[in-house]
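A.B. asks: The structure under discussion is supplied below as structure tokens; questions concerning it will follow.
Where a number appears in this text, it was derived from the coordinates with a stated rule and is not lab data. All values reported here derive from a predicted model rather than from experimental measurement. All Cβ positions, even for glycine, are placed from backbone atoms using ideal geometry, and neighbour counts span all protein chains on display.
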Ligand code: ATP
Ligand code: MG
């Protein structure tokens, strides 16, 4: 459009949300693309912890340029007064780790995987997250994943994709398959 400035190079904020499969795996696809472009990639996984995901083993092969850290327990008990204090503690610690990594200038892409679930469960404040993301280093790309992205993060983001479920094997009773789901 006439009169509009074209921005050449900058860090983007992306959100992968929605009820369909593909939020985390799309972020890992971008991670692969970024690594192939010589970038340094950090994936911080909120809530995840006990499953042996295939991607954890891929990260071992990138000489420190690709790190995936699981910062949860792999399950979570939520629901008002029933929220386990340990889950609250782990999420707040994961957020502190995230904010430090964002400010560190060490990474070109940071994926905050499942962070939108932590916000959705009321364990993390969307406003705090938005404030840190707004002040991040100019060239840092960040991807947030999880269902139900809150409006203020959608507003802040540059690219937001909602995965819609057309079909999922699970509804036919097919359990999670190695290499596809984990
Ligand atoms: P993936 O990690 O496969 O990209 P995702 O990040 O979009 O999935 P999550 O909400 O993080 O989805 O849940 C991860 C697990 O739940 C995966 O095993 C995935 O296959 C499964 N899953 C995702 N969407 C659905 C759905 N609509 N119905 C049933 N299971 C689902
Ligand atoms: Mg996911």
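A.B. asks: At residue 53 and residue 172, where each label point lies 7 Å from the Cα along Cα→Cβ, what is the point-to-point distance in nanometres?
C.D. replies: 2.5
A.B. asks: Checking the a/c ratio against 1.5 first, then a/b against b/c, what shape does the Cα gyration tensor give for the chain?
C.D. replies: Here the chain falls in the rounded category.
A.B. asks: Further, regarding this structure: Tell me the angle of helix 23-36 to the major Cα principal axis of the chain, expressed in degrees between 0 and 90 and rounded to the nearest ten.
C.D. replies: It works out to around 40 degrees.
A.B. asks: Among 153, 144, which comes first, second and so on when ranked by fewest other beta-carbon atoms within 10 Å? Numbers along the way, then the final one.
C.D. replies: Working: 153 21, 144 28.
Ordered by Cβ neighbours within 10 Å, fewest first: 153, 144.
A.B. asks: Rounded if a/c is under 1.5, else prolate if a/b beats b/c, else oblate: with a ≥ b ≥ c from the C-alpha gyration tensor eigenvalues square-rooted, which is region 36-111? Don't skip to the answer; put the middle values down first.
C.D. replies: Details: a/c = 3.72, a/b = 1.73, b/c = 2.15.
Taking the square roots of the gyration eigenvalues as a ≥ b ≥ c, region 36-111 is oblate.
A.B. asks: When the Cα centres of region 123-182 and region 26-94 are compared, how far apart do they sit, in Å?
C.D. replies: Here the answer is 13 Å between Cα centres.
A.B. asks: To make sure I understand, if each residue's beta carbon is the centre and we count other beta carbons within 10 Å, what order do 166, 41 fall in, fewest to most? Could you put the intermediate results ahead of the total?
C.D. replies: Numbers: 166 7, 41 25.
Ascending Cβ contact count within 10 Å gives the list 166, 41.
A.B. asks: Shape call for region 99-182 from the C-alpha gyration tensor, a ≥ b ≥ c root eigenvalues: rounded (a/c under 1.5), prolate (a/b greater than b/c) or oblate?
C.D. replies: Working: a/c = 2.33, a/b = 1.80, b/c = 1.29.
The shape class here is prolate.
A.B. asks: Using alpha carbons only, how many degrees (0 to 90, rounded to 10) separate the axis of helix 85-104 from the longest principal axis of the chain?
C.D. replies: For helix 85-104, the angle is close to 20 degrees.
A.B. asks: Suppose only helical runs count, i.e. DSSP H with n ≥ 4. What mean residue ellipticity at 222 nm does that imply for the chain under -39500 (n - 2.57) per run, divided by all residues and rounded to the nearest 500 deg cm²/dmol?
C.D. replies: On the way: 6 runs with 60 residues, N = 182.
Only helices count here, giving -9500 deg cm²/dmol.
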